[in-house]
Each structure stands twice: as C-alpha cells, then as structure tokens.
1. Show the residue pairs meeting these rules: Cβ distance below 6 Å; 6+ apart or different chains; first residue within the range 56-81 and touching a residue at least 12 places away in the same chain (Cβ under 8 Å); second residue part of a helix (DSSP H, G or I) and surrounded by fewer than 18 Cβ atoms within 10 Å (Cβ to Cβ).
2. Residue by residue through the range 169-194, note down the ones that are in contact (Cβ under 8 Å) with a residue 24 or more places away in the chain, assigned to a loop (DSSP other than H, G, I, E, B) and in contact with a strand residue (DSSP E or B) (Cβ under 7 Å, 6 or more places away or on another chain).
3. Go through the range 152-171 and report how many residues are crowded, with 17+ Cβ neighbours inside 10 Å and more than 16 Å from ligand 1 (Cβ to nearest atom).
4. Within the range 1-36, can you find the residues that are within 16 Å of ligand 1 (Cβ to nearest atom), within 15 Å of the chain's Cα centre (by Cα) and more than 18 Å from residue 313 (Cα to Cα)?
5. Scan the range 11-33 and report the pairs whose first residue is without any contact (Cβ under 8 Å) to a residue 40 or more places away in the chain and whose second residue is in a helix (DSSP H, G or I) and more than 16 Å from ligand 1 (Cβ to nearest atom), with Cβ atoms within less than 7 Å and a gap of 6+ or a chain change.
6. Within the range 44-74, track down each residue that is away from ligand 3 (no atom under 16 Å from the Cβ), touching a helix residue (DSSP H, G or I) at 6+ places or on another chain (Cβ under 8 Å) and not in a helix (DSSP H, G or I).
7. For residues that are within 12 Å of residue 261 (Cβ to Cβ) and crowded, with 16+ Cβ neighbours inside 10 Å, scanning just the range 189-210, find the one that is nearest to ligand 1 (Cβ to nearest atom).
Ligand code: G3H
Ligand code: 13P
Ligand code: ZN
C-alpha cells in the first residue's frame, strides 16, 4: 500500500470510537520504532514532520525514511503529515514533495486571517489530492517557532468552529481544550495533589469538546499536545544525570475518553523524546566504555516501539484497525 491520506482512517476512527496516533519523526530510529509497533499491532498510523524536523533531518531524508517504512509494512495504512505548517509556502513544499496531509497552523492569527490562509492551503492541497488540518484556539507550550506562555493560551470558541470549517473547507480541526505542548504542561499552581503528593493536572475541557461535536457532527477533531509524560521515564532521566523537575502531562484515561468521542487524531511527540532520552541516559551510565552509536540507539529504538505500542493499545484503541 502506498502512503494514504487520513480521510478513510478518520472516518473509521470516528465511527469506531478510537483515534489514530500521530507521532513526530526526526530520524531513522524513530520512524522504525513507530512503524514496527504499528505493523505488529496492525494499526493505522500518522507519521508527522515539523518544520524543525525538516530543518534537522532534511525533507528528502524524512520522506525516503517514511517510504521505506511503507515498503516494510505494506499492509499498514500510513499517512505522512506536515505538523504545524506556518505558511502557504511550507505547506505547498510538502504537498509538492510527497506528503499526503498538511496542517496549516494560523491559530495565533485573527479569525479572518486564519480563514484566508487556511482556505488558500485547502484549495491547493485538494487540487493535489492532499488533506488539510487547521487549528482554532491556541495551546500553551512550544510548537515550532510559536511559543505560547502558560496563561496566554486560549480555548477554542465552539461558536466559531462551524463557520471556520464551512468557509475554509478543511478536512479536520485541531482544538484547544487544555492540552499543551512539551513536557511541562502545567505549573504546580494549576494542579492539585493526590494522597501521595503527586501533582494532578486540571481536567481537559470536555464541555468545549462536546460543544464542538454538536456543531460539527461527524467531523474529525484533532488533539495536539497529548503526551502523558510518563513519570517512570522522568524518574530515570533524573536518576541518570538529567534535570526535569515538575515534568507533567495529560492523564491517559482522559485521552482515551477523547478518542471514544470525535477525536480522531492524537499528537504525541514529547513521550517519544522522553522514552529515548531516559533509555540512552541509563545505557550510557551503565556502559561508560561503549561508544558505538548502534549500541545505545538500539535500546532507544526499542523504547520508541514500546511506548508507541502502549499508546496504540491503551490510549488510541487502534489495534487491528489497519
Ligand atoms: O508541536 C510540536 C512538535 O512537538 C514538534 O516539535 O518543532 O521541536 O520539532 P519541534
Ligand atoms: P506533545 O508535546 O504533548 O507530545 O505534543 C506534540 C504535538 O502536538 C505535535 O504537534
Ligand atoms: Zn502540536
């Protein structure tokens, strides 16, 4: 099977009460870890590339790595998606360069400007058989070159979504309901503590999601900033020379619930970074004499595979949906 768009994936996910994982890829080990997990679990998957990933690894290398993964996993539907496209030009370059899906993220712009640029991307993308994700509302955290301070984020206004989708013709919509980018999603002051003193983040705004669903029945919703920042990895990082105090993510059961509703795409990047970093830090500490990158990248790739398999089984619910 060649690379596919997300249209059929999302239709089945919406009707089946599950979501497709969209995992960020930056190098060969990450592509292999993600797609080996999807292949073994017979799950569709979205591989997404940010502007930063293109700057780091080069567009052509990333496309060719993903094409290799398609050859290795011929029965798995895979989409290649631009994450947080910041302009028409960036989106066009990915549409022309083999991507099957792009995100145009003008969420920090005024409503009319967001509509104008999103529509321009949609028109070009649809003419080339490519689908478009757009965004309304802003998440806190760091996304490519957009850095939104905690407290400056704004939830999506449900009364805007219908007009936005109708006027732009976008194929899916990312909304802001309390998720955020990176490994430090909430300040301690925003959280409560459980009996063991562990930080408990504020719940996602399911009321906003429900309102959006009412206004856009059958339409695929996307959640960015959906890493859960597993505390076992934070602990390993800190134990082996790292310093990640107060790293905190979105509880997995809330993402599972969102996947049962209209959320068809769940974006995960930080958890992959954390799994790799924890694994490499531990490996280096335990094997100070090793210097062959294959020695530490092999367990790091396995860690990517394990965390993605965990998400597919326990968060996304996409096992055997290929
Ligand atoms: O939302 C942002 C993604 O995690 C990509 O991050 O821009 O550092 O590649 P990046
Ligand atoms: P995380 O930082 O929570 O993994 O979010 C990634 C993301 O939204 C990529 O677009
Ligand atoms: Zn994002």
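The values are calculated or read from the model by the stated rules, or taken from the named source; none is laboratory data. These numbers come from a predicted model, not from an experiment. All Cβ positions, even for glycine, are placed from backbone atoms using ideal geometry, and neighbour counts span all protein chains on display.
1. 65/28
2. Listed by number, the residues that qualify are 170, 171, 176, 179, 181, 182, 185, 186, 191.
3. 8
4. Correct list: 24, 25, 26, 30, 31.
5. 31/69
6. Selection gives 44, 45, 73.
7. Within the range 189-210, the match that is nearest to ligand 1 (Cβ to nearest atom) is 204.
The rows are residues; the columns are (1) under 30 Å from residue 15 (Cα atoms); (2) within 16 Å of ligand 2 (Cβ to nearest atom); (3) out of contact with any strand residue (DSSP E or B) (no Cβ under 7 Å at 6 or more places or on another chain); (4) not in a strand (DSSP E or B).
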| residue | (1), (2), (3), (4) |
| --- | --- |
| 160 | yes, no, no, yes |
| 165 | yes, no, no, yes |
| 196 | no, no, yes, yes |
| 218 | yes, no, yes, yes |
| 237 | no, yes, yes, yes |
| 244 | no, yes, yes, yes |
| 254 | yes, yes, yes, yes |
| 267 | yes, yes, no, no |
